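The values are calculated or read from the model by the stated rules, or taken from the named source; none is laboratory data. Computed from a predicted model, the values in this text were never measured in an experiment. A quick note on method: Cβ atoms are made from the backbone with ideal geometry, for glycine too, and the neighbour counts reach across all protein chains shown. To get the accessible areas, we keep the full protein, side chains included, count just its heavy atoms, and leave off ligands, DNA and RNA. Shrake-Rupley method; radii C 1.70, N 1.55, O 1.52, S 1.80 Å.
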Amino acid sequence: MSEFLDDIFILEELGLTPIWLEKKTEENKTPHFLAYRFDLKEIKIFFLASFDELKKEEEVLFNNIVNYIHGFSNHNIKRVNKKVLNELKQEMMIVQPNYLFLFGGISQNLFSDMDPQPQFQSSEITLADMIMDTQKKKILWHDMQTFLNSLNSN
């Protein structure tokens, strides 16, 4: 019995989870989102990223992205706390954003019941992708800058 416990402890320390436990935890997970609202002139934009609450690096990275956007802009920016989907939708129903910028891994279908329907922009890059491969940050920055530049030119 102690050998089995040692094996589980070793696997946890290495960040490896047996497949049967991993499937069980994924089924029980409620997706959480990090969000911030950015007002550019009369345009309301929500930037959304899904994240794993156990991985604090993702939250730190998202806050750094928010600080970067806020740093080069004098427009109104509002941080939105960590939210589950229903809380986020309630806030969006009040604000009625014009655009949702979705980080990788978030489906537009999650927001199909919103009225009025915002326009969607997205990047295929997730926070986890950027942490594992810093080259992916360049792709996200390009996607965000292209989007923001298109709004500024209107």
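General observations
- Residue within region 112-125 that is outside any loop (DSSP other than H, G, I, E, B) and more than 16 Å from Phe38 (Cβ to Cβ) present: no
- Checked against (1) polar (S, T, N, Q); (2) open to solvent by less than 30 Å² (accessible area, probe 1.4 Å); (3) more than 15 Å from the chain's Cα centre (by Cα), Ser123 passes all but condition (3).
- Residue in region 92-101 that is of a type in the set (Ser, Thr, Tyr) and outside any strand (DSSP E or B) present: no
- Lys138 being loosely packed, with under 13 Cβ neighbours inside 10 Å and among the basic types (Lys, Arg): yes
- Ile69 under 14 Å from Tyr36 (Cβ atoms), assigned to a helix (DSSP H, G or I), in contact (Cβ under 8 Å) with a residue 40 or more places away in the chain and more than 11 Å from the chain's Cα centre (by Cα): yes
- Within region 87-108, considering residues that are of a type in the set (A, V, I, L, M) and open to solvent by 10 Å² or more (accessible area, probe 1.4 Å), the one farthest from Gln119 (Cα to Cα): Ile94
- The listed residue being over 21 Å from Leu148 (Cβ atoms), surrounded by 14 or more Cβ atoms within 10 Å (Cβ to Cβ) and modelled with pLDDT of 75 or more, out of Lys44, Lys83: Lys83
- Whether a residue is at pLDDT 85 or above and either among the β-branched types (Val, Ile, Thr) or open to solvent by 20 Å² or more (accessible area, probe 1.4 Å) (or both) was assessed, and Glu59 passes this test.
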